[in-house]
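Below is one structure, written out as structure tokens; the observations come after it.
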Amino acid sequence: MLTEQEALEHILSSVTALPSQSVPLREGVRSYAARAIHATIPLPGFDNSAMDGYAVRAEDTRTTEPLRVTGAIAAGDVAGVSLEPHTAIRIFTGAPMPPGADAVIMQEDVSTDAEKKSIVCKEPVELGENVRVLGCDLCVGQRIVDKGEPLNAARLAVLASQGLTHVDIAEAPRIAVVTTGDELIPPGEPLLPGKLYNSNGIMLEAMLRSVGISSPITFHHLRDNLEETVSALRELTRQHDFIILSGGVSVGEHDYIKPALKALDIPAEFWRVKVKPGKPVLFAKTVSSPRPCHLFGLPGNPVSSHVTFHLFVRPALLKVLGAGNASRSLPRVSATLTRAMKNRGDRPHYIRGVHEDGKFTPTGVQQSHALFSLSRANAFLRMDPEQELAEGATVQALLCD
Ligand SMILES: Nc1nc2c(c(=O)[nH]1)N[C@H]1C(S)=C(S)[C@@H](COP(=O)(O)OP(=O)(O)OC[C@H]3O[C@@H](n4cnc5c(N)ncnc54)[C@H](O)[C@@H]3O)O[C@H]1N2
Ligand code: MOO
């Protein structure tokens, strides 16, 4: 049986970033830059005022001599007139500094005559005070984003500040979510004895969205039937880059994923990983054209599907989406454990819990069917086999959605 690390390395070596495409900036939200982008316009683009006030020479503000106001410059104006010594020019936030001025005094710090034709400075200003200097934030040629960095709101805004309308990101992968099992009923229909509602479908969709998949996802549900499973997978593998299956990967007579893959001559690259929950997780890859299809068989228990998604599917998709290494692991934070814990099993156990105020507290039932307890968690705690942790121990919590 593979370790988690071996399984992840295998998956990551099997997937490659999809080709890049140019998309409008708004479609770049939650994507990753497909190439490094450098500044062509400095920020600020010109020396300008940070305040509504008066452009002055700082040295002229150290006296109480009135300074004659010789003009006004608003944001969007061109600073036509120069500032002469012992004068002031009315200026507004964002307006270009006039030549000759080296500071701005806020209007609250001056008194004016009745006609606002002269000012007297109540407080002196320093050289450069309230002036935003050309290029002090970003210089021409400076890197704005590196290849693989996330395009967050502020980075997209910097791209817009360069006059760009489009950004290069990876093409969207074609993804199918396939749930399996005769016991499952779609929410909205009457619940029958022995049945339960399909909850993994929406959970997988939501996790895909939170990884940054914004393209349409196709959804399918398969009954526990070999022929149906074979024929569905034959079609789906031709049309998708990724198939995320839930259920049917264990050893029971009603678990048809492995037999169906065998019938289709798609070898499982691995089946079973030393991890709890999620042991029967399966990964396979077709050689079908035009692109290979990657199949993740996630164990049907809701927590097993959730944990194996985070451990294996999420990093694979992030690689395909062009995310750099730094963005692929789950964020890690130090926390104090609020109760003693022991992993009595022989597999690393991902405990679900709440990370809050620097503390980690396991949530409720820790079995792989315990969906509600999962829903109260925002983090995992990975415990090695036989590991014991005392109350108050410092642990690393892995933040998950
Ligand atoms: N004899 C053995 N039995 C099992 C083993 C084993 O090693 N030997 N492994 C167990 C482990 S661990 C897991 S995890 C499960 C995984 O089984 P499957 O992937 O085949 O999943 P199913 O049997 O189809 O379902 C398991 C469980 O989850 C519920 N389920 C399935 N799909 C959904 C869904 N879409 N929404 C909500 N709930 C779902 C299903 O009803 C079952 O209760 O196998 C163990 N057995
Ligand atoms: O791997 Mo199973 O998910 O332990 O229940």
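Overview of results
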item	result
Rounded to the nearest 20 debye, dipole of the chain from Cβ charges on Lys, Arg, Asp, Glu	1240
Percent carbon-and-sulfur accessible area, segment 332-399, ignoring ligands, DNA and RNA, probe 1.4 Å	47
Rounded to 10°, Cα long-axis angle of helix 200-211 versus longest principal axis of the chain	30
Rounded to the nearest 20 debye, dipole of segment 48-132 from Cβ charges on Lys, Arg, Asp, Glu	180
Charge dipole (debye, nearest 20) of segment 18-75; +1 at Cβ of Lys and Arg, -1 at Cβ of Asp and Glu	320
Value of relative contact order over segment 153-287, rounded to a whole percent, pairs C-alpha under 8 Å and six or more apart	24
Share, in percent, of DSSP beta bridges within the chain that are antiparallel, nearest 5	65
Peptides ranked, highest mean first, by Cβ atoms within 10 Å: ranges 158-164, 76-82, 322-328, 200-206	200-206, 322-328, 158-164, 76-82
Shape category assigned to the chain from the gyration tensor of Cα positions, a/c cut at 1.5	prolate
Rounded accessible area per residue of segment 48-132, 1.4 Å, Å²	52
Length-normalised contact order of the chain in % [C-alpha pairs under 8 Å, at least 6 apart]	16
Centroid-to-centroid separation of segment 237-266 and segment 28-67 [C-alpha atoms, Å]	59
Solvent-accessible area, 1.4 Å probe, carbon plus sulfur percent, for segment 48-132	50
Trypsin sites (Lys or Arg not before Pro) within segment 206-296: DSSP coil, no more than 16 neighbouring Cβ in 10 Å	ARG223
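The values are calculated or read from the model by the stated rules, or taken from the named source; none is laboratory data. A quick note: this is a predicted structure, and the numbers were derived from the prediction, not measured. Cβ: placed from backbone, ideal geometry, glycine included. Neighbour counts: every protein chain shown. These area figures cover heavy atoms from the full protein model, side chains too; ligands, DNA and RNA do not enter into them. Shrake-Rupley method; radii C 1.70, N 1.55, O 1.52, S 1.80 Å.
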